[in-house]
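These notes are about the structure you will find just below.
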Amino acid sequence: MTLANAAHEGFQHNLVIDRDLQIKLYRRMVELRQFEKRAYDLFLQGLVKGTSHLSLGQEAISAAFGEAMQQGDWTFATYRGHAHTLSRGVPMAPVMAELMGRADGLMAGKGGSMHLTSVEHGMMGSYAIVGAHLPIAIGAAFSSKYRNSHQVAVCFFGDGTTNIGAFHEALNLAAIWKLPVVFVCENNLYMEYTSIYDVTAVEHPAADRASAYGLERLIVDGNDPDAVYSMAIDRLSRARNGEGPSLIEALTYRQTGHSRADPGKYRPDEEVARWLEKDPITTYRARLVVNGASGALLDQIDGEVMAEVDRATEQAKASGPPPVELVMKDVWSDGGSGWRN
Amino acid sequence: MTLANAAHEGFQHNLVIDRDLQIKLYRRMVELRQFEKRAYDLFLQGLVKGTSHLSLGQEAISAAFGEAMQQGDWTFATYRGHAHTLSRGVPMAPVMAELMGRADGLMAGKGGSMHLTSVEHGMMGSYAIVGAHLPIAIGAAFSSKYRNSHQVAVCFFGDGTTNIGAFHEALNLAAIWKLPVVFVCENNLYMEYTSIYDVTAVEHPAADRASAYGLERLIVDGNDPDAVYSMAIDRLSRARNGEGPSLIEALTYRQTGHSRADPGKYRPDEEVARWLEKDPITTYRARLVVNGASGALLDQIDGEVMAEVDRATEQAKASGPPPVELVMKDVWSDGGSGWRN
Amino acid sequence: MAQLSYREAVGAAIAQEMRRDESVVFLGEDVAAAGGVFKATSGLLEEFGPRRVLDTPISEQAILGTVMGAAMTGLRPIAEIMYSDFFAVCWDLVANQMAKTRYMTNGQVSLPLVIRTGNGGGLRFGAQHSQSIENWAMAVPGLKVVMPSTPEDLIGLFAASVRDNDPVLFLESKSLYASKDEIPEGEIVHRLGEAKIKRVGSDATIVTIGAMVPRALEAAELLSSGQGIDCEVIDIRSLVPLDAKAILESVAKTSRLFTVEENPRLCGWGAEVASIVADEIFYDLDGPIVRITTPHIPLPAAAELEDETIPSVAKIVDVIKGRMG
Amino acid sequence: MAQLSYREAVGAAIAQEMRRDESVVFLGEDVAAAGGVFKATSGLLEEFGPRRVLDTPISEQAILGTVMGAAMTGLRPIAEIMYSDFFAVCWDLVANQMAKTRYMTNGQVSLPLVIRTGNGGGLRFGAQHSQSIENWAMAVPGLKVVMPSTPEDLIGLFAASVRDNDPVLFLESKSLYASKDEIPEGEIVHRLGEAKIKRVGSDATIVTIGAMVPRALEAAELLSSGQGIDCEVIDIRSLVPLDAKAILESVAKTSRLFTVEENPRLCGWGAEVASIVADEIFYDLDGPIVRITTPHIPLPAAAELEDETIPSVAKIVDVIKGRMG
Ligand SMILES: Cc1ncc(C[n+]2csc(CCOP(=O)(O)OP(=O)(O)O)c2C)c(N)n1
Ligand SMILES: Cc1ncc(C[n+]2csc(CCOP(=O)(O)OP(=O)(O)O)c2C)c(N)n1
Ligand SMILES: [Mg+2]
Ligand SMILES: [Mg+2]
């Protein structure tokens, strides 16, 4: 069974997704797409320093979860977290400014692109050590359960992450304590430059491990926002109702290299071509049009989003470098960095 | 399904095990039993310091593997490693002396009861950090495969160990590289003082995870040396023939507390009683007698073993404390501990 | 005043904080039903129930992730890592996540959590169950590091740690669990970053912490009666924050500094203290700064060998006598 | 003589040893087909094939377990841990297993293995991809710790590390990968534990390592031409074994010691060096020992902020000028 087919054994959603929501999902995906493209341009212009990891091609997953999650729910993401951050409603400008290391950045430049965090929006952090945030996400879920607050933690990670120890420990603990957490493996076929099939003992790195934690085997077409949304609604509500964790494998594809420095040459041309055909935005747009959405409306959305990205870019560019005093701030809760008297 | 029943779904061996071998297995189990009992007595007399973890009740597993393994094969064990050490042919006296922290100890007192090692016998170490030796065992297996030496690494660990990250990483890597390693989970129902069922998302902590690494689900009655031996022969030969790793769950019971300080009060009386009935030595003895072995021969073995244990005890007691110079030896390959010129 | 062992102080300290604050929870391996492998936490499950006192699998990364995520979202959790050696299997959560998150998020995330652990040697447990990992912790910016030497300090410093809004590694000296002392009645709360001068002296300053405190004190008495060398003994109590002021004031007075460290030598906390003194009050020093540490070796298991490694009263006396000549 | 970058020297060093010795294998994440994330290992798979150059899953514990088990049983393996920050996810294998096994087994087990890694900051990668973990390693007895500052040293010290029978952590400064230098023809093999005096001077000794070496040298030139302060600059090259002799001889001559450390301050290797000097040649010192380090903070990501943290040439000049007054 090839992975392309595997997508078809995915979750059959039967939720009726109304037009308004579909338009919202479309708009969000376009936002994520255009934001990432702009980030890449800014990198080429030398304005985004350090590293950055784009989600081009994977937009359906973050967009759908962003809509399905409720206020108060928590997102835990990886270094590939721009899309997840925006999907929780964080405005573009501070995110762009953070990538550029500016004073108006989401964390004033202290974290950088790999650590986007906005607690106010429930975006509880982007984690750059593979696997680390799975145990942390279960801690948030523990807190929800303890306080009986019905919040759900959603933890996104890649296929490569399923082979590290923290994955195993977190899944088991979440399962035995029936914690309200949804683990979402975005299987984009590659770790950095190495195919996940070359380094994994099973075909589906997440789904084929679910039974090891007494969990259901769940696969969804990660390029279909409706399918992801339906599964998200289902699994979030189970978590909220005390039915414990879920582990979802969403099949998708990283259309660009791993990080800004990577041209992604290790990917067979034919594979890239096949997945570009399954692009989540063009296929969704076609579906909406077939189902009667007006092309003019979608064009208008595209235009609005571009204008928004332009505005955010200008705002970010207008911001200066972070004040150097920040270097010695916020190591501790007293706001400072003193380690002695 | 209770665990007692689970044992019956175990591997049905069809190897014919001849009388001589059975007698050997019996003798070995008695050796392990009497050695551990003596170690416990010496602890009560204040002659075994630090800690020690006995294998009383679990003798069938190490005895059977000890017979099934070939010279050149490697054993990796935990802090609960006395039995595995003796089963590879390491003499009793230096092991006893190591527990007592004497100069004639297997490692001259530098390692202690938790770190028994005899490279000469293929006993590649006892590891006291839960999970650590699974990755190390695959390294030995890697070396065998690389050198095409047909050696097999056998790695013993407990049920509790299946919930730590290193377990997961080692199993996956062993599977994708088809390494000649046999992982043996001795499921004795408890981690230290906590029931494995209270902390594990599946009923069979090892077997129910085998599929997560593309491996067969294997359960064996760990109190039946014939069954363990048959499975060991099968899995060792597969490993030796390049068919990759196995993960075996051997069901057994720790008849005493976790370590010397633990009376084991958390175990229900009824459970202890049920498992004492399944004692590997008394049941095996009964089987041998039914099959025609002479009681007198078995009594003679018992006596010989007791004499051997007495001799080893005397030898160990006769050894003095390790010379203090050893403290500064063997940090480095030059035999010393210098870190500066 | 009640007599309490250092071991009993652990349970008392946790209970004091759990009674006070419903957001305090406690989790670890075998800590609940069994009361911990050192029997330091018995009774807590009975008093606070399984919602607040939890047994975990052998999954140190999951344990620390749980307390980190819980601390981010409103709780004040306490985790036990049974032996400090086991920090090695979950160091990422400590060194890369807990220590850095407030800083990286520009102050958005608070992590009011405590990880308590049995630290150090002396029990003949061998190289993987006897380490003193205070240096590992001190070397990582963003961690507070606390080491009580008496039952009362244990309670007072533990309370301060739980009430602190930063991640605290709370290192209990395993070899002190059996030691006993008088404890005042009522709530005990100390402050982090305050050293205690345990003995006033004029000839030399001994800076120490944890299980080495009683040894340094005994050595100071012997040096005083036998050699007429009058040592000031400072129990630093927390390595981060560090009471550098207390150390500098004392050394400025005595003009000599000795450290007594349980940790293996290289990059020990005593090196840090030595470097502060050699920088800031160099001209007040009358002679070399001398560190008394465990040699830079893994710890051996046999009693005679282990006793040869960790600084003993005799060793402390010998070195100070020899170097004060 | 050929021009080689520090990055290219990595591949050259591994190839030199793999050609020589069939028991040398090399594994890590993305190191084979892709040639490594820093492109430091390209060409090795092509030359030595998939039996000897292996891509692994993201399983750092399994990677290090593999090299440890292989080293116990006759191979001389090399592992890559991509960024040194990731040692936190596999520290147990390093600190508890590799470092202690020879000792615990009374010398039965030999572990001839090398773990190479990209260490340090300067690339705006933020707090979890920029750490200098030399202190973590130095604090653990049983590990050798090597940090080359030039392409030639990289090859020579790497060869020495591969041929050594103990576990070596080989820390490559990420910020030096692009730097270039002349390399002599033929096999290059250095010895561990030998410092290099990079600049002879008489007024003060600067001890440094890794990416700080070129900065210290530049600062020394500026101090000499601008201030008339003549500094001796020592590249220690390996922290364990440590060439204490070279340091002590130099400081005995110059009477002043400065360290330049990329690591955050507390328990840095410079503290150890300071404590050795303050103990053994106290009376040769003419003034305070001063450490120039990254402040004790996690590293910020933004360029302007990161530049403010790691010791710069200007900062080194300022401090030495100020403290030599
Ligand atoms: C513990 C650890 N090991 C290695 C890395 C380097 N690294 C960063 S991303 C990555 C690949 C992750 O692959 P995957 O989980 O599939 O996520 P994706 O990047 O495809 O979204 C690796 C190996 C890391 N950050 N942390
Ligand atoms: C990483 C780590 N965590 C915790 C411990 C403490 N500990 C030692 S043995 C043990 C229980 C192990 O249980 P299991 O794997 O079932 O083996 P058994 O003792 O039953 O043979 C624990 C928790 C340890 N040594 N290492
Ligand atoms: Mg991926
Ligand atoms: Mg067990």
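Just so it is clear, none of the values below were taken in a lab; they were calculated from the coordinates. Since we're looking at a predicted model, the values are computed, not measured. Using ideal geometry, Cβ is built from the backbone for each residue, glycine included, and neighbour counts are taken over all protein chains shown.
Quick look at the numbers
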| read-out | value |
| --- | --- |
| Calculated from backbone phi, Karplus (6.51, -1.76, 1.60) coupling profile of the stretch B:309-315 in Hz, x at Gly/Pro | 5, 4, 4, 4, 5, 4, 4 |
| Dimensions (Å) - the stretch C:1-77, Cα atoms, principal axes, largest first | 38, 26, 19 |
| Cα principal axis extents for the protein assembly as shown, largest first, Å | 97, 78, 74 |
| Residue order, fewest to most beta carbons within 10 Å, for C:250, D:238, C:42, A:294 | A:294, C:42, C:250, D:238 |
| Highest-fluctuation residue, D:162, D:109, D:25 considered, GNM on chain D with Cα pairs under 10 Å | D:109 |
| Reach of residue D:100 by Cα under 21 Å, taken over lysines that are not fewer than 8 positions away in the same chain | B:49, B:110, B:329, C:174, D:144 |
| Anchor residue C:180: lysines whose Cα lies under 22 Å away (excluding residues fewer than 8 positions away in-chain) | C:39, C:196, C:198 |
| Chain B, relative contact order [Cα under 8 Å, separation at least 6], % | 23 percent |
| Cα centroid of the stretch B:298-338 to Cα centroid of the stretch C:236-288, whole Å | 43 Å |
| Convex hull volume per residue for the stretch C:2-183, taking Cα atoms only, in Å³ | 101 Å³ |
| Cα convex hull of the stretch B:146-274, projected area averaged across orientations, nm² | 8.7 nm² |
| Choice from C:60, C:134, C:272 showing the highest fluctuation, given a GNM over chain C with Cα pairs closer than 10 Å | C:272 |
| Relative contact order [Cα under 8 Å, 6+ residues apart], the stretch D:2-183, whole percent | 27 percent |
| Other protein chain Cβ atoms within 10 Å, averaged over every residue that makes up D:259-271 | 6 |
| Alpha carbon convex hull of chain D, projected area averaged over orientations, nm² | 16.2 nm² |
| Trypsin sites (Lys or Arg not before Pro), loop per DSSP, at most 16 other Cβ atoms within 10 Å - longest free stretch of chain C | C:52-190 |
| Ascending list, in nanometres, of distances separating the residue B:91 label from those of the other copies (7 Å, Cα toward Cβ) | 8.1 |
| Whole-percent pair-distance distribution, where bins are 10 Å wide, for the alpha carbons of the stretch C:184-325 | 12, 43, 33, 11, 1 |
| Exam field: residue A:264 pseudo-label spacings to other copies (7 Å along Cα-Cβ), nanometres | 5.9 |
| Sequence-distant residues sharing a close amide H with residue C:56 (under 5 Å, placed H) | C:28, C:29, C:30, C:31 |
| Residue with peak Gaussian network fluctuation, chain D [Cα springs, cutoff 10 Å], from D:186, D:118, D:69 | D:186 |
| Per-residue mean of C-beta atoms belonging to partner chains within 10 Å, peptide B:303-312 | 0 |
| Size of electric dipole in chain B: Cβ of Lys, Arg +1 and of Asp, Glu -1, about Cα centre, debye, nearest 20 | 720 debye |
| Enclosed volume per residue, in Å³, of the convex hull spanned by Cα atoms of chain B | 145 Å³ |
| Per-residue ³J(HN,Hα) for the stretch A:15-32, Karplus 6.51 cos²θ - 1.76 cosθ + 1.60, θ = phi - 60°, Hz, x for Gly and Pro | 5, 8, 9, 7, 4, 4, 5, 4, 5, 4, 4, 4, 4, 4, 4, 5, 4, 4 |
| Within the protein assembly as shown: Cβ-based charge dipole about Cα centre, in debye rounded to nearest 20 (Lys, Arg +1; Asp, Glu -1) | 20 debye |
| Shielding of C:20-29 by partner chains, average beta-carbon count, 10 Å | 2 |
| Nearest beta-carbon to the A/B symmetry axis - residue in chain A, distance in Å | A:165, 1 |
| Under-5 Å amide H pairs with residue D:291, H placed in peptide plane, nonlocal only | D:259 |
| Residue order, fewest to most beta carbons within 10 Å, for B:283, B:75, B:200 | B:283, B:200, B:75 |
| Sum of -39500 (n - 2.57) over DSSP H runs of 4+, divided by residues of chain B (222 nm, nearest 500) | -13000 deg cm²/dmol |
| Copies compared at residue D:312 - label distances in nm, ascending, label defined 7 Å from Cα in the Cβ direction | 5.4 |
| Computed over the stretch B:14-150, the ratio Rg/Rh where both radii use C-alpha atoms and Rh is Kirkwood | 0.99 |
| For the stretch D:196-324, with +1 on Lys and Arg beta carbons and -1 on Asp and Glu, the positive-most of D:204, D:320, D:289 along the dipole | D:204 |
| Using alpha carbons only: equivalent-ellipsoid semi-axes of the stretch D:101-171, gyration tensor based, whole Å | 25, 16, 8 |
